[in-house]
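Notes follow the structure.
The values are calculated or read from the model by the stated rules, or taken from the named source; none is laboratory data. If you're wondering where the values come from, they're calculated on a predicted model, not measured in any experiment. Because the Cβ atoms are built from the backbone with ideal geometry, glycine has one as well, and the counts that use them run over all protein chains shown.
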Amino acid sequence: MIYQLHELNRQLLAPFTQLAQANAKIFGADGTWLSSLPGATRIAAGNELLHRIGKDYEKPEFAIHQVAKDGHDVPVVEKVALDRPFCRLLRFKRYTDDAENILGMKDQPTVLVVAPLSGHHATLLRDTVRTLLPDHKVYITDWVDARMVPKEAGAFTLDDYVGYIQDFIRHIGAGRLHVVSVCQPTVPVLAAISLMAARGEDVPRSMVMMGGPIDTRNSPTAVNNLASTRPLWWFEQNVIHTVPPNYPGRGRRVYPGFLQHTGFVAMNPERHFMSHWDFYQDLVKGDLEDAASHRRFYDEYNAVLDMPAEYYLDTIRVVFQEHLLPRGEWTVAGERVDPAAITGCALMTIEGELDDISGLGQTRAAHALCTGVADADREHFTVEGAGHYGIFSGRRWRTQVYPKVRDFIAGHDEPATKPGATGAAKRG
């Protein structure tokens, strides 16, 4: 019922948000008589703020069309490498006509970036992908909004998530693959690689785990406390709802994106209020650069997706309430997850000093579990002054974190034999 009420409210507000958008353009456009009226700038700013607070936010595009490589602009094409009901495996394919660049790019390591399925779209990692691209072949998991998946596609559980990761690794090939997992997927990625290792399958050359809840008993945050202080039935009764008829996934049980977004904002309401107030002031003062920065951030932050109910409830139980992974009691499709089985795969963990989502020590806990990884193949990095998002996006990511990730991957990559120039494809 809550989802249906939300949809009704959204439809009722739509004319007012569209009117606010029109007013912002009319009173803010140069050369119109309305823009010359006293207070027109404030009217335009106030209407744009109302429009942005009330509008719907669609999934953003990655929009990575080129990257700089050795002084050259290299075109990038986004391609679907594998398409599953709940996730698309995307490849960012680089193209060049320069023979030396072709050979250089072909010999670069391959990286699978596993994006979180925890509310936001994979485009939240746009900066992560863009920074990796000059030195790596890059894939990313692009999770599908559950309200867009027909109910006939079946349920999606945490076990299914682990299975997807294994399928993606097999599809790409583990030989020179390095898996970078950000936040929530550190847990299913560690499970996927553990199970593959236990079966004797090839495993990736390295795992880079960033700000994830491997063991939430360490430095619990407000997010951890919320998940652990309420019984599972409370979540099922209070946050799980049914997708209404106007979506392809009608009838599917989900944790709706709009509820998640409310929770995100409730964690730091003062910060968001001040951010919107500053945006209004920037518009009034004509500070277009800061206003554009605000738009870019909230276009991403406000774009949320629905999560499948089965997956969400599994995550609450396995990761935050019963801590099955660090306790060695997690089974996936009847197989016990044993990170000690992992050998021949290096491990790097990264944490933000000020992370208020995954506290200090939660990601680093992976080292205590992966006892089969040699000491020489381990590394941990705590990013001073960084919050959760700062370890994979923004200035600290680009200047402090990425150089260490790049060097770690390069140090644990087995270079393939370079192909000859004859017949080399013009891509990398």
Scanning the stretch 13-37 for residues that are over 18 Å from ARG52 (Cβ atoms) and among the hydrophobic types (A, V, I, L, M, F, W, C), the one nearest to the chain's Cα centre (by Cα) turns out to be LEU34
For TYR280, the lone unmet condition from (1) surrounded by fewer than 14 Cβ atoms within 10 Å (Cβ to Cβ); (2) in contact (Cβ under 8 Å) with a residue 12 or more places away in the chain; (3) closer than 28 Å to ASN47 by Cβ is (1)
Going through the stretch 334-358 in order, the residues found to be crowded, with 24+ Cβ neighbours inside 10 Å, in a loop (DSSP other than H, G, I, E, B) and among the small types (Gly, Ala, Ser) are SER358
Residue hits (the stretch 296-318; modelled with pLDDT of 90 or more and assigned to a helix (DSSP H, G or I)) are ALA309, GLU310, TYR311, TYR312, LEU313, ASP314, THR315, ILE316, ARG317, VAL318
Restricting the stretch 175-191 to residues that are modelled with pLDDT of 95 or more and over 20 Å from TRP330 (Cα atoms), the one surrounded by the fewest Cβ atoms within 10 Å (Cβ to Cβ) turns out to be LEU177
Subset of the stretch 129-186, residues hydrophobic (A, V, I, L, M, F, W, C) and more than 26 Å from ASP355 (Cβ to Cβ), comes to VAL144, ALA146, MET148, VAL149, ALA153, ALA155, PHE156, PHE168, ILE169, ILE172, ALA174, LEU177
Q. Does at least one position in the stretch 393-401 carry a residue that is at pLDDT 95 or above, in a loop (DSSP other than H, G, I, E, B), closer than 25 Å to SER118 by Cβ and under 25 Å from the mean Cα position of the chain (by Cα)?
A. no
How many residues of the stretch 324-333 are at pLDDT 95 or above, surrounded by fewer than 19 Cβ atoms within 10 Å (Cβ to Cβ) and not acidic (Asp, Glu)? The answer is 4
Q.
Whether any residue in the stretch 128-140 is out of contact with any Gly (no Cβ under 7 Å at 6 or more places or on another chain), closer than 17 Å to ALA192 by Cβ and surrounded by 20 or more Cβ atoms within 10 Å (Cβ to Cβ) is what I want to check.
A. yes
- Does GLU61 qualify as being charged (D, E, K, R), in a loop (DSSP other than H, G, I, E, B) and not assigned by TED's automatic domain parsing to the domain that holds ARG126? yes
Discussion item. Looking at the stretch 221-239, can you tell me whether even one residue there is under 23 Å from SER393 (Cα atoms) and out of contact with any helix residue (DSSP H, G or I) (no Cβ under 7 Å at 6 or more places or on another chain)?
Written reply: yes
Over the stretch 207-220, the set of residues farther than 15 Å from HIS323 by Cα and either in contact with a helix residue (DSSP H, G or I) (Cβ under 6 Å, 6 or more places away or on another chain) or surrounded by fewer than 20 Cβ atoms within 10 Å (Cβ to Cβ) (or both) is VAL208, MET209, MET210, GLY211
When (1) part of a helix (DSSP H, G or I); (2) exposed (fewer than 13 other Cβ atoms within 10 Å of the Cβ); (3) touching a residue at least 40 places away in the same chain (Cβ under 8 Å) are applied to GLU48, the one that fails is (2)
